[in-house]
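This report refers to the structure that appears directly beneath it.
The values are calculated or read from the model by the stated rules, or taken from the named source; none is laboratory data. In this text the structure is predicted, and so the values were computed from the model without any measurement. Cβ placement follows ideal geometry from the backbone for every residue including glycine, while neighbour counts extend to all protein chains displayed. Calculation scope for accessible area: heavy atoms of the full protein, side chains included, ligands and nucleic acids excluded. Shrake-Rupley method; radii C 1.70, N 1.55, O 1.52, S 1.80 Å.
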Amino acid sequence: MWSFFYKLASPKWFYELAGKLLPWFAIGAAMSFALGGIWGLAFSPPDYQQGDSVRIMYIHVPAAILSLSVYTFMAITAIIGLVWKIKLAHMVSANAAPIGAAFTAIALATGSLWGRPMWGTWWEWDARLTSELILLFLYFGVMALRNAIDERTTADKAAGLLAVVGVVNVPIIHYSVEWWNTLHQGSSITSLARIAKPAIHADMLWPLLLMILAFKLFFVTVLLMRTRNEVLDRERRSAWVGELLETRDGV
Amino acid sequence: MSAGLMHAFVAVLRRDLLLALRRRGDSLNPLLFFVLAVTLFPLGIGPEPQRLAEVAPGVLWVAALLATLLSLDSLFRADHEDGALEQLMLMPQPLSVLVLAKILAHWLVSGLPLLLMSPLLGVVLHLPEASFGALFLGLALGTPVLSLVGAIGAALTVGLRRGGMLLSLLVLPLYVPVLIFGAGAVAQAGMGLSYAGQLAMLGALLALSLSLAPLACAAALRVTEN
């Protein structure tokens, strides 16, 4: 068990393992995207009030869910990196940030597009949209701090610390903003109990869950690809990267 | 708290206050900024008392937020440049307690004057009489939170060349809850409603940041100060 973690912390071992796993995640993401996307966009029923514009949900909800959980993931990997001084954890944390920021931006953009027909405005200072916007700034802060520090280990630790401070603040910000103003529709799938008896019809729920799975698999795929690149970049002076480059022509 | 720790705490506090007293001009800048920023709003949105009274809670709190933000950059910078920060880290006492002394000094120099000036600016903005208590109490609970949370950002950016802009990006999102509850309390009071809930939330934020921020701040200094 422990030897597995020690091995995982070695960049070389991670590079090889990630390379082997990558195609499976990529295939899974592509398949669930295709299935969930076509089901959601073409075959699921339109909403009785919102009509076809409800289909934005199949992009908006998974992006919003991922935007929050990627931030948590980033903070957890940062804690692992800070406590056990594992360089690889910092690399994973660093590469989760831009992906999470992209999900947040997608959630904001689709939320705004959805708000136009539903609330009649492009932007409404609605609680959840606002806290997504602040989350985007939190992501930008972590990324900007990492970029501003030249020395890599310092940048890793400083950005990791900021991510931890941010993750303590995310619920506080979320609930204070919620309390300040809310007009967003309630969540339809908040917990496992609600999934068993959801406030959303099964014809909409299944494509939505598929899309959430697709977004998650996509996240893992892109994260593994980015981290592999970073491993190569940081370890470029080590022997195994040199060997790897020699065995592959034209790289 | 043991006697040695208390002694070190007081010594750091005294040193920072003395330094602030010697550099009176710098220390007054946040207060001047606060007054100036508030003065700009009537010029920008018009002098009608009713409209000013409506936006006054938000204006006062945002101005206080930005004034605190401006003062943060100087929290560790001078000590970083002359090496005093390294000496502080080498002391046998826990760094978080010493950092807390520095943050307290920072609040006494930059937060307290804002607090004392705020009723006057409330008058200028035609804030309803019922709101003054909420404004004062809210700022009394809220400005220490701003100093405490801001200190983490200041510690993370201390060695950087262009730390100022980055600092605002790091710190302002974290200030959102304080702004919401602070300005909310003033607005509630203006409508004659109870604002105890908002003050309780500000108090909770103060308790949380008082217990965690010095630890985070000390950890950040150990990272950036190598």
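Figures for the structure shown
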| read-out | value |
| --- | --- |
| Alpha-carbon Rg/Rh ratio, for chain B, with Rh computed the Kirkwood way | 1.00 |
| Most to least packed among A:39-46, A:168-175 [average Cβ atoms within 10 Å] | A:168-175, A:39-46 |
| Loop-located trypsin sites (Lys or Arg not before Pro) in the range A:1-84, at most 16 other Cβ atoms within 10 Å (DSSP) | none |
| Calculated FRET efficiency for the pair A:Glu243/A:Leu21, C-beta based, R₀ 25 Å, to 0.05 | 0.70 |
| Peptide A:151-162 - average C-beta neighbours from other chains (10 Å radius) | 4 |
| Shielding by partners, peptide B:149-157 (average Cβ within 10 angstrom, other chains) | 3 |
| Selection of chymotrypsin sites (Phe, Trp or Tyr not before Pro), the range A:74-166, meeting DSSP coil and at most 14 other Cβ within 10 Å | A:Trp122, A:Trp123, A:Trp125 |
| Whole-number accessible area per residue in Å² for chain B, which is evaluated in the context of all protein chains at 1.4 Å | 45 |
| Surrounding net charge for B:Glu225, when Lys and Arg each add one and Asp and Glu each subtract one, Cβ distance under 11 Å | -1 |
| Förster radius 45 Å - calculated FRET efficiency between A:Met225 and B:Gln50 (Cβ-Cβ, nearest 0.05) | 0.20 |
| Loss of accessible area when A meets B, both sides summed, Å² nearest 100, probe 1.4 Å | 2000 |
| Per-residue ³J(HN,Hα) for the range B:37-44, Karplus 6.51 cos²θ - 1.76 cosθ + 1.60, θ = phi - 60°, Hz, x for Gly and Pro | 4, 5, 5, 5, 5, x, 5, x |
| Other protein chain Cβ atoms within 10 Å, averaged over every residue that makes up B:169-182 | 6 |
| Distribution of pairwise C-alpha distances over the range B:1-117, 10 Å bins, in % | 12, 37, 25, 15, 8, 2 |
| Helix A:57-84 vs. chain A, principal-axis angle (Cα, 0 to 90°, nearest 10) | 30 |
| Net +/- balance of residues flanking B:Leu32 in space, Cβ distance below 15 Å, scoring K and R +1, D and E -1 | +1 |
| Near-label residues of the range B:173-193 by backbone N, under 16 Å of a point 7 Å along Cα→Cβ of B:Ala140 | B:182, B:185-186 |
| Long-range tail of P(r) for chain A (Cα pairs > 26 Å, %) | 48 |
| Note, ³J(HN,Hα) from phi for the range B:17-33, Karplus 6.51, -1.76, 1.60, rounded to Hz, x at Gly and Pro | 5, 5, 4, 5, 5, 6, 10, 4, x, 4, 5, 7, 3, x, 5, 4, 4 |
| Sorted peptide list for A:23-33, B:137-147, criterion being average Cβ within 10 angstrom, highest first | B:137-147, A:23-33 |
| Part-to-part distance (alpha-carbon centres) for the range B:163-226 and the range B:6-46, which is given in Å | 18 |
| Cross-link pairs A:Lys85/A:Lys157; A:Lys157/A:Lys216; A:Lys85/A:Lys216 - those with Cα-Cα distance over 19 Å | A:Lys157/A:Lys216; A:Lys85/A:Lys216 |
| Where labels lie 7 Å past Cα in the beta-carbon direction, separation of B:Arg23 and B:Leu43 in nm | 2.8 |
| Mean Cα-pair separation over length for chain B, i.e. relative contact order, pairs under 8 Å, 6 or more apart, % | 26 |
| Tail fraction, Cα-Cα pairs, the protein assembly as shown, threshold 32 Å, whole percent | 50 |
